Amino acid sequence: QVHVVESGGGLVQAGGSLRLSCVASGRTFSRYDMGWFRQAPGNERDFVATITWAGSTRYADSVKGRFTISRDNAKNTVYLQMNSLKPEDTAVYYCAARNPPGAGYDYWGQGTQVTVSS
């Protein structure tokens with residue numbers, strides 16, 4: 001199974017950038033789909049971006065053009081580069097993994113806080 005740990009969160013001003021990292025353990029990491037999700041206070045956990053084992057990406061409409069998901073299989077790491085941050089991006093960001101062709105993400109990290117000030 002896969003264990004994931006997020007890092008890289010912090011406090012930034014609107015318009016700034018952050019890069020989140022997610023280190024995953026597991027012998028089959030290179031064949032797992034990876035995703036980023038976020039949850040703001042009072043809200044449900046929402047999809048942000050995903051990247052398949054083959055490198056195909058998807059983004060929520062709210063982050064298209066601003067966020068980039070990528071992976072480095074040699075380092076068992078997935079990244080979320082966040083540019084042009086907005087206060088509404090403030091949330092706890094979670095990294096997750098799934099084993100295709102499963103529909104759901106089975107393995108979740110503990111989350112990292114991202115706060116964007118106005």
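The values are calculated or read from the model by the stated rules, or taken from the named source; none is laboratory data. Source: prediction; values computed, not measured. Counting neighbours? That spans all protein chains shown, and the Cβs are built from the backbone with ideal geometry, glycine included. SASA here: full protein model, heavy atoms, side chains in, ligands and nucleic acids out. Shrake-Rupley method; radii C 1.70, N 1.55, O 1.52, S 1.80 Å.
Just grab the label-to-label distance for Arg58 and Ser7, each label 7 Å out from Cα along the Cβ direction, in nm (one decimal).
Going by the 7 Å Cα→Cβ label model, 3.0 nm.
Can you work out the accessible area per residue across the chain, with the rest of the protein chains kept in place, probe 1.4 Å, in square angstrom?
Details: 6190 Å² over 118 residues.
Per-residue accessible area for the chain comes out at 52 Å².
Check which residues have an amide H placed less than 5 Å from Thr90's amide H, if you skip close sequence neighbours.
Those qualifying (amide H under 5 Å, at least 5 residues apart or on another chain) are Val116.
In whole angstrom, note down how far apart the Cα centers of segment 1-34 and segment 48-118 are.
Value for the Cα centre distance between the two parts: 7 Å.
What do you get for trypsin sites (Lys or Arg not before Pro) in segment 46-118 restricted to DSSP loop and a cutoff of at most 15 other Cβ within 10 Å of the site's Cβ? List each step's numbers first, then the result.
Numbers: sites: Arg58, Lys64, Arg66, Arg71, Lys75, Arg98; in loops: Lys64, Arg66.
In loop regions of segment 46-118 (DSSP not H, G, I, E or B), the sparsely surrounded trypsin sites (Lys or Arg not before Pro) are Lys64, Arg66.
For the chain, what does the relative contact order come out to in percent, with C-alpha contacts under 8 Å and a separation of six or more?
On the way: 289 pairs, mean separation 42.2, N = 118.
Reported relative contact order: 36 percent.
Per-residue counts of other Cβ atoms within 10 Å, averaged by peptide: what ranking do you get for 18-25, 76-83, highest first? Kindly include the intermediate steps, with their values, before the conclusion.
On the way: 18-25: 18.8, 76-83: 20.8.
Result, highest mean Cβ count within 10 Å first: 76-83, 18-25.
Counting only protein heavy atoms and a 1.4 Å probe, tell me what percentage of the chain's accessible area is made up of carbon and sulfur.
The value for the chain is 46 percent carbon and sulfur by accessible area.
Describe numerically, in nm with one decimal, the distance between label points set 7 Å from Cα along Cα→Cβ at Asp72 and at Ala14.
3.3 nm
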